[in-house]
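Worksheet: one structure, shown below.
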Amino acid sequence: MQSAPNLVLVGPMGAGKSSIGRRVARRFGLVFVDVDHEIEVRTGATIATIFDCEGEAGFRARECATLAAILDGERQLVATGGGAVLDAGNRARMRARGFVVHMHADVDTQLARLARDRTRPLLAHGDRRTVLERLAIERAPLYEAAAHVRFETGLHACGEAAVQLGRLVQAHWRPPPANVLDAAAG
């Protein structure tokens, strides 16, 4: 059983890190934190705007800083962006401060889930299937290196996936006791 202050979800876009993650966070009484949303709150700009103004490198620098700040907390379910694993420091930080689950989805599942989504900068140009296949090849080894366990998200609808992920997490992860945090705060 792995003890860690946070539960961290990594994986490709469309794998369900946010939608499934919200449900799992409720089940375990964790604060749900979406890294991309936090970046938007902190900058006052959308991810697409950050990509347009600063490029991917500028976005990744913001992502590293935001993720580091988030992971300083405890009793959170942290849904990372699909590219958070590109930085070796991020991977090490996630493993040190969290129990990391690789939320895997194949390209067909991603395409179906992202069919109406026009907010993803990396999918804005070119054939979506080709882009997702390239990203899968590049990032799959990084997701595996960062993760403690892997969960196949494409096998279930969102609600059932959350139940199954909850069982997997419960079997492998022990969060810090809530009363220890309360005593430290008081």
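The values are calculated or read from the model by the stated rules, or taken from the named source; none is laboratory data. Bear in mind that the values here come from a model prediction, so they are computed numbers and not experimental data. Cβ sites come from the backbone with ideal geometry, for glycine too, and all protein chains shown count toward neighbours.
Summary table
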{"read-out": "Residue list for region 95-106, restricted to those being under 13 Å from residue 3 (Cα atoms) and buried (at least 21 other Cβ atoms within 10 Å of the Cβ)", "value": "97, 98, 99, 100"}
{"read-out": "Residue list for region 108-120, filter: in a helix (DSSP H, G or I) and either of a type in the set (S, T, N, Q) or in contact with a Ser or Thr (Cβ under 9 Å, 6 or more places away or on another chain) (or both)", "value": "109, 110, 113"}
{"read-out": "Given (1) under 30 Å from residue 175 (Cα atoms); (2) surrounded by 13 or more Cβ atoms within 10 Å (Cβ to Cβ), number of the condition residue 109 does not satisfy", "value": "(1)"}
{"read-out": "Region 55-68: number of residues that are under 14 Å from residue 36 (Cβ atoms) and either among the hydrophobic types (A, V, I, L, M, F, W, C) or touching a Lys or Arg at 6+ places or on another chain (Cβ under 8 Å) (or both)", "value": "6"}
{"read-out": "Condition check for residue 22: modelled with pLDDT of 95 or more, basic (Lys, Arg), in contact with a Leu (Cβ under 6 Å, 6 or more places away or on another chain) and in a helix (DSSP H, G or I)", "value": "no"}
{"read-out": "Residue count for region 112-149, restricted to those that are loosely packed, with under 15 Cβ neighbours inside 10 Å and touching a strand residue (DSSP E or B) at 6+ places or on another chain (Cβ under 7 Å)", "value": "1"}
{"read-out": "Options 83, 159, 166, 73; residue that is in contact (Cβ under 8 Å) with a residue 40 or more places away in the chain, buried (at least 16 other Cβ atoms within 10 Å of the Cβ) and farther than 14 Å from residue 15 by Cβ", "value": "166"}
{"read-out": "So residue 85, is it closer than 24 Å to residue 161 by Cβ and not in a helix (DSSP H, G or I)", "value": "no"}
{"read-out": "Residue that is modelled with the lowest pLDDT, among those in region 137-156 that are hydrophobic (A, V, I, L, M, F, W, C) and either over 13 Å from residue 10 (Cβ atoms) or part of a loop (DSSP other than H, G, I, E, B) (or both)", "value": "155"}
{"read-out": "Residue among 128, 113, 93, 120 that alone is in contact (Cβ under 8 Å) with a residue 24 or more places away in the chain, over 16 Å from residue 18 (Cβ atoms) and not small (Gly, Ala, Ser)", "value": "93"}
{"read-out": "Filter result for the condition that a residue is closer than 24 Å to residue 149 by Cα and over 13 Å from the mean Cα position of the chain (by Cα), over 80, 43, 49, 109", "value": "109"}
{"read-out": "Positions within region 37-58 being at pLDDT 95 or above and under 19 Å from residue 12 (Cβ atoms), in sequence order", "value": "37, 39"}
